[in-house]
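*Asks:* Please see the structure below; I have some questions.
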Amino acid sequence: MQEVNIVRLRFRIGFVLIAGALLFAGCNALKLGQSTDDKAVTAQIQAKLFDDSVLKTRDIHVASVNGTVTLAGTVGTDLEKAAAERIASQAEGVKSVVNQLVVSSAPAAESPATIPPTQTAEATTPQPPSPTAVRSERPRASGRRHHAVSSSSDEAKAVEAPAPAAPVENPPAMTAQAAPPATTAPSPAPAAAPVSPAPVVKPPEEITIPSGTVFSVRMIDGIDSAQSHAGDEFAATVGTPVVVGDRVVIPRNSDARVRLVQATSAGRMSGRSELKVELVSVTAGGRTYQLETGYYEQAGASRGTRTAETVGGGAVLGALIGAIAGRGKGAAVGTIAGAGAGTAAQASTHGQQVKIPSESKLDFTLKTPVTVTVNPAGS
């Protein structure tokens, strides 16, 4: 009977040991599984934080225990704090997020201009300790030193006692002098000078001057029908700007060239003087443009009419003189003589010549359109 009880006792002890071993192994396996899951969650959150270009530069620590994620460290703004919490809460296996992130911003360095001049000067010059400071330091000495000070005479106490402060007319200056020496804040680094963007260069524009446009020029050289010949060119300038739409395409005072097409000088007895010119080119913006324009013509009085008037006048004058001198026969002789004299006088002189003097204003009408290159407005 006793042996049976021993066997049963051993069986129970063995069963308990086996059950404990199984329970211990299960707990370890459960803990191992939980530890593996927590590591996976932590790695997943850290990877997502690293993918963010801003959050990866912050000091963020991630810890996961049984699906509860704790975020610790510092970030720059509240938006970054919220973004980190959102990333952690979206990770697989996360049950809750404890956000312990602290928003910290670097304090702005105090500019030297904000430090009062009096305080800055005293910060760089050591100040002697005041009697109050000396008295406040003495109780820190040993007990024997304190006893010696306590047993000093009244005269010593009077010496140590500070004199009453005189009224100060400028309280702000007194406050600045009483302030403790302060170290001068380092001056901030000079800001880089702003770089202005390069100006945008617009390409030149091509503008066509239509036919019918009037070019007004002012002559520099003079033209004389008695001296100039067809084909000669003369200098001139543009007197009035040429405008197309709202753009000036040929500015005032641009160089121009005028060509003499025909020059006719009146003869001694007949004909008349004539000048015919045309505008052949203008120069603007460093470019010369060939033009085809109408003619400008100028003519003098007819030589034949003036010759007849001169000869007829001489005959009438001769007849009057002859009639007075020799009556009827003398009148006929005077007529012939007067006519001869008038003819001789006319033959001895040239006909009226035509000139286009310098500073004359001439207008030419463009017959064929011409395209010119114009710089953009404002360039």
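Every read-out reported here was derived from the displayed coordinates using simple, explicitly stated rules and does not represent laboratory data. Bear in mind that the values here come from a model prediction, so they are computed numbers and not experimental data. Quick reminder, even Gly has a Cβ in these numbers, built from the backbone with ideal geometry, and neighbours come from all protein chains shown.
*Asks:* Output the antiparallel fraction of DSSP beta bridges having both residues in the range 2-103, as a percent to the nearest 5.
*Replies:* On the way: 7 of 15 bridges.
Of the beta bridges lying entirely in the range 2-103, close to 45 percent run antiparallel.
*Asks:* Follow-up. Given R₀ = 45 Å, what would the calculated FRET efficiency be for Val16 paired with Val98, taking r from the Cβ atoms and rounding to 0.05?
*Replies:* Working from the Cβ atoms, E equals 0.65.
*Asks:* Taking the Cβ of each residue in Val7, Val354 as the centre, tally the other Cβ atoms inside 10 Å and list the residues starting with the fewest.
*Replies:* On the way: Val7 10, Val354 22.
The fewest-first ordering by Cβ neighbours comes to Val7, Val354.
*Asks:* How high is the relative contact order of the range 2-103, in percent, with contacts defined as C-alpha pairs under 8 Å that are six or more residues apart?
*Replies:* Numbers: 110 pairs, mean separation 23.6, N = 102.
Relative contact order for the range 2-103 comes out at 23 percent.
*Asks:* Oh, and also: What list do you get for Val41, Val248 if you sort them by fewest beta carbons within 10 Å? Write down the numbers at each step before the final one.
*Replies:* Numbers: Val41 24, Val248 15.
Lowest count first: Val248, Val41.
*Asks:* May I pose another question? About its Cα centre, how strong a charge dipole does the range 2-103 have in debye, to the nearest 20, once Lys and Arg get +1 and Asp and Glu get -1 at the Cβ? Mind dumping the intermediate values first?
*Replies:* Values: 11 positive and 10 negative charges, 110 e Å.
In debye, rounded to 20, the range 2-103 gives about 520.
*Asks:* Sort Phe215, Phe234 by Cβ crowding within 10 Å, fewest neighbours at the top. Write down the numbers at each step before the final one.
*Replies:* Values: Phe215 21, Phe234 18.
The order, fewest Cβ neighbours first, is Phe234, Phe215.
*Asks:* Give me the one-decimal Kirkwood hydrodynamic radius in Å for the range 2-103, with the sum taken over alpha-carbon pairs. Let's see the in-between values first.
*Replies:* Details: mean 1/r = 0.0614 Å⁻¹.
Across the range 2-103, the inverse of the average 1/r is 16.3 Å.
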